[in-house]
Structures are given as C-alpha cells and as structure tokens.
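Engineer: Structure provided below as structure tokens; questions to follow.
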Amino acid sequence: MEVLDPASNRPWAEVPACSTADCEEALDAATRAQPAWQALTPMQRAEYLEALNAKLEENREHFARLLVREQGKTLREAHGEVTDTIGYMRYAAQSARWLRGDIWPADAPGERLMTFKVPYGVCVAICAYNYPLALIGRKLGPALVTGNTVVLKPHEATPVTAAEFCRLVEEVGIPAGVVNMVTGDGASVGAPLVASSKTRVITLTGSIAAGQRVARLAADNLAGLCLELGGKAPFIVLADADIDKAAEAAAIARFANSGQVCICNETVMVEASVADQFTAKLLEKVNTIRTGNPMDNPDMGPLATRAARDRVQHLVESAVAAGAELLAGGKQGAPEGLEDGNWFQPTVLACGDASLPLIREEIFGPVLPIMRIHDAEQAIALANARNDGLSAYVWTRDSSRINHFIDRLETGTVFVNKGISGSFHGYHNGHKRSGIGGEDGPYGLENYLQKRTVYLGY
C-alpha cells in the first residue's frame with residue numbers, strides 16, 4: 001500500500017497490504033506469547049514500557065518528522081504528540097504499583113472471599129489517523145502492563161509511525177509475539193481481527209459507524225469492548241462569560257490539528273446578546289491562523305486524507321447554499337507548491353438552521369459553525385437532543401449555572417471556563433453513541449482487566 005503525504009498528496013512510503021492469513025499469524029503469535037507475559041510481575045512489564053519511552057525520547061525528532069509526513073500536523077504539534085505518547089506509557093508503567101483487587105468479608109467461618117483482576121488475553125488495538133503515535137501509547141501501555149498481548153492495527157493512511165514504533169519494541173527486547181502489527185484497511189484486516197475467536201478484548205478509536213461495525217463483528221465471541229468514538233462538542237458561551245478568553249479557547253479547540261480531534265469544538269452556541277462581540281473576537285483569532293508546509297511550523301497543516309478534505313468542503317458548500325453566512329475561509333487555499341495537498345482554510349460560518357448537516361454531523365476539520373441561542377436551557381436541550389455525547393465546553397461565571405450544566409449535559413467530559421485539554425489520569429469516555437468504556441487513568445486501566453472471584457476455604 002502506498003502512503004501519501006497529506007501536504008502534497010504524493011506517495012512517500014509503502015507498507016504491506018496484509019491478508020486474513022497475516023491477521024491469523026499475528027493473533028496466533030499473541031496467543032502463544034500471552035501466558036508467559038502474564039506470568040511476569042506488573043513491575044517487570046512496566047520496565048519494558050520505560051525502556052520504550054527511553055527509545056522514543058532518543059528518536060524524538062525522527063518520530064515527529066514521520067508524523068508530519070504521514071498525518072500532516074505541524075512539526076510543533078508532532079513533537080507534542082511524541083511527548084503525549086511517552087506520558088501515556090509512563091502513566092501505565094507507574095500504575096503497575098497499584099493494580100489491585102479486593103478482599104471481602106466471607107459469609108462463613110474458615111473462608112476467604114477475594115476478587116482478583118486478570119488480563120483478558122489477546123487485545124486488538126485499532127487506531128485512528130489523527131494521532132497515529134499517541135493512540136498507540138494510550139492503548140499499548142495499559143494493555144501491556146495489565147498482562148495482555150496486543151495486535152496493533154494502525155489506520156491505513158498512517159501506518160509508518162506504527163511500523164517504526166514496532167522497531168523500537170524489538171530493540172528493547174519485548175518478547176516476540178507480545179506486540180504484533182498488521183497493516184491494511186478495515187475490511188481486509190480490521191474485520192478478521194475483530195471477528196476472531198482468539199481476540200478477547202478490542203480497543204478502538206474511530207467514528208461512531210466504525211464502532212458499530214466493530215461491536216457487531218465482536219458480538220458472536222462476546223469480546224470485551226473499549227470504543228472511543230466520535231462526538232459533536234458544543235462550545236457554549238453565555239452572556240456573563242469572559243469573552244476574550246472564550247474566543248481564544250474556541251479558536252484553539254477548533255483548529256488544533258486542523259480540527260481533527262475527537263473532543264474539538266464542533267459548534268459554538270453563543271447567547272444572542274454577546275454573539276456579535278464574541279464573533280468579532282473569534283474572527284480576529286481565526287484570521288491570524290497561517291497554513292503552510294507543516295515541516296515549517298505554520299499554525300495549521302492540511303487534513304490527513306483527501307476524503308476528509310472533500311467531505312469538509314461539501315459540508316461548507318451545502319451549508320452556504322442553504323443560507324449559512326460565510327464569515328472566514330471556505331476555500332482550499334493550498335500554499336504555493338503544495339496545490340495537490342489536502343488543504344482547507346480555517347473557516348467560520350454563522351448558521352441559524354440547526355438541521356443543516358454542518359450542525360448535525362461531526363465535521364472533524366477546520367470549520368466552525370456559530371449559532372445564536374436564547375439561554376442556557378436552549379443550549380442544554382440542543383446538546384442533549386443528539387444521540388452522541390463525547391464532550392462539551394461551557395463558558396459562564398455563574399457557579400449555579402456551572403453546576404446545572406454539570407448535572408444536565410449528557411457527555412463524558414465537560415470543560416468549564418477552560419479550553420481543550422486532557423490529563424493522563426483523567427477518564428476519557430463518551431456517553432450514548434460516543435462509546436463504550438473509555439481510556440486513561442485508573443478507570444481506563446479497568447477496560448483491560450476482567451475480574452476473578454475466589455471462595456477459599458481453610
């Protein structure tokens with residue numbers, strides 16, 4: 001398979017187009033290696049993760065440049081992704097000290113009642129294209145430290161970083177079969193991995209549609225599922241908000257990584273009395289965003305795939321045709337010499353029709369619709385009417401309203417008077433169709449463990 005550079009849309013690498021037989025070979029290797037890997041102590045497994053981190057740090061520049069070449073993010077953002085990858089695996093390694101079960105009061109004398117937490121076995125880890133390296137660290141770290149072995153399936157658009165990561169796995173001496181990788185698309189590689197009876201737990205970062213397909217394929221084997229899926233985060237700004245800070249946070253939370261972040265600001269809902277003021281401040285920020293060759297560290301790079309660029313362009317054109325007002329951007333705007341790349345300008349639209357696809361569908365690109373709302377209750381109603389619920393942003397200085405939003409919003413994460421962020425020990429999960437299970441922190445670790453209860457007579 002050819003791998004394309006998003007900035008130019010030209011091929012720069014090749015990886016194998018794996019077959020069903022390759023998937024079976026990887027699953028067999030993971031199955032054979034798992035008992036011995038589980039037999040190690042958590043701290044022994046953690047030492048391998050720390051060794052991986054040391055190798056990543058040594059090769060930081062190499063991996064950052066690979067990320068730019070295959071994903072299109074700026075070099076600065078790519079270095080941040082390497083840092084996050086190390087952070088995810090470091091947290092997993094540190095958690096080896098506090099993997100624990102429970103001892104319960106027994107119902108009978110001469111008896112112990114205990115619950116242990118044990119690995120599932122073979123874990124299939126399926127990654128999205130927006131963070132090709134960080135998602136490996138986010139999944140591989142907790143899967144390995146808890147005693148599972150892994151078959152990694154990177155997105156077909158971004159497999160090179162994953163392949164180079166697996167080279168480090170070999171260099172640090174992780175036993176053969178503990179980490180495996182197959183490359184290919186969802187139909188030829190993802191489906192047989194998910195449907196195999198050898199797969200005991202599946203972790204996926206992807207779209208809602210991808211999560212639904214995985215859940216159906218995994219149903220016969222009743223494999224464990226950790227599905228971190230899409231969302232449509234509202235960015236709610238009430239009249240008493242700090243408008244300057246809110247506008248800056250809104251721009252960052254939309255245009256970071258060209259809008260290709262699952263918890264990105266997807267729609268601004270601003271109270272009508274401050275809508276003009278907020279929009280003017282936002283446009284000041286947006287109009288300063290520079291696109292360009294991502295290796296040169298502009299403010300924003302291209303979209304990762306041509307399909308993503310074309311979809312974003314269609315959403316904008318159809319919204320304008322339906323009456324939305326284009327306030328900024330709206331064109332491909334490719335830098336000189338990169339006209340064939342997957343470029344799209346930072347774009348802002350004023351939308352009054354909540355039924356537009358631009359408002360209903362996850363954009364996952366550098367396009368931000370703005371809607372005027374009457375009050376907090378309308379914002380909550382619009383947000384909760386959706387069948388997804390990954391994240392939301394709330395800007396108000398009223399503590400009573402803040403707590404009202406916390407109680408009412410049907411989302412996994414709520415950012416209050418704060419821009420896009422995340423912590424390695426915070427739980428990242430979705431409500432409704434935005435996922436099952438979640439990643440990060442002690443709760444995320446639980447997705448890679450199942451419980452075993454023991455009744456011990458003595």
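Engineer: Considering only residues that are open to solvent by 10 Å² or more (accessible area, probe 1.4 Å) and out of contact with any Gly (no Cβ under 8 Å at 6 or more places or on another chain), look in the range 256-265 and name the one that is farthest from Pro294 (Cα to Cα).
Structural biologist: Val261
Engineer: Sort through Thr149, Thr158 and tell me the only one that's modelled with pLDDT of 95 or more, buried (at least 17 other Cβ atoms within 10 Å of the Cβ), more than 15 Å from Tyr131 (Cβ to Cβ) and among the hydroxyl-bearing types (Ser, Thr, Tyr).
Structural biologist: Of the residues listed, the single one that is modelled with pLDDT of 95 or more, buried (at least 17 other Cβ atoms within 10 Å of the Cβ), more than 15 Å from Tyr131 (Cβ to Cβ) and among the hydroxyl-bearing types (Ser, Thr, Tyr) is Thr149.
Engineer: Tell me which residues, restricted to the range 2-30, are open to solvent by less than 20 Å² (accessible area, probe 1.4 Å) and of a type in the set (S, T, N, Q).
Structural biologist: Listed by number, the list holds a single entry, Ser8.
Engineer: Out of the range 89-146, which residues are surrounded by fewer than 24 Cβ atoms within 10 Å (Cβ to Cβ), among the polar types (S, T, N, Q) and in contact with a strand residue (DSSP E or B) (Cβ under 6 Å, 6 or more places away or on another chain)?
Structural biologist: If the condition is that a residue be surrounded by fewer than 24 Cβ atoms within 10 Å (Cβ to Cβ), among the polar types (S, T, N, Q) and in contact with a strand residue (DSSP E or B) (Cβ under 6 Å, 6 or more places away or on another chain), then Thr115 is the only one that fits.
Engineer: Next question. All but one of (1) buried (at least 17 other Cβ atoms within 10 Å of the Cβ); (2) of a type outside the set (Gly, Ala, Ser); (3) outside any helix (DSSP H, G or I); (4) out of contact with any Gly (no Cβ under 7 Å at 6 or more places or on another chain) hold for Leu382, so report the exception by its number.
Structural biologist: Of (1) buried (at least 17 other Cβ atoms within 10 Å of the Cβ); (2) of a type outside the set (Gly, Ala, Ser); (3) outside any helix (DSSP H, G or I); (4) out of contact with any Gly (no Cβ under 7 Å at 6 or more places or on another chain), only one is false for Leu382: (3).
Engineer: Among the residues of the range 71-81, is any farther than 23 Å from Asp299 by Cβ and touching a helix residue (DSSP H, G or I) at 6+ places or on another chain (Cβ under 7 Å)?
Structural biologist: no
Engineer: I've got another one for you. Across the range 173-185, what is the total count of residues that are open to solvent by 30 Å² or more (accessible area, probe 1.4 Å) and in contact (Cβ under 8 Å) with a residue 60 or more places away in the chain?
Structural biologist: Matching residues across the range 173-185 total 4.
Engineer: For Ile252, are the conditions met, namely being at pLDDT 95 or above and within 23 Å of the chain's Cα centre (by Cα)?
Structural biologist: Here the answer is yes, as Ile252 does meet what is asked.
The values are calculated or read from the model by the stated rules, or taken from the named source; none is laboratory data. No experiment lies behind these values; they were computed from the predicted model shown. Cβ: placed from backbone, ideal geometry, glycine included. Neighbour counts: every protein chain shown. The protein model used for the area step is the full one, side chains on, heavy atoms only, and it has no ligands, DNA or RNA in it. Shrake-Rupley method; radii C 1.70, N 1.55, O 1.52, S 1.80 Å.
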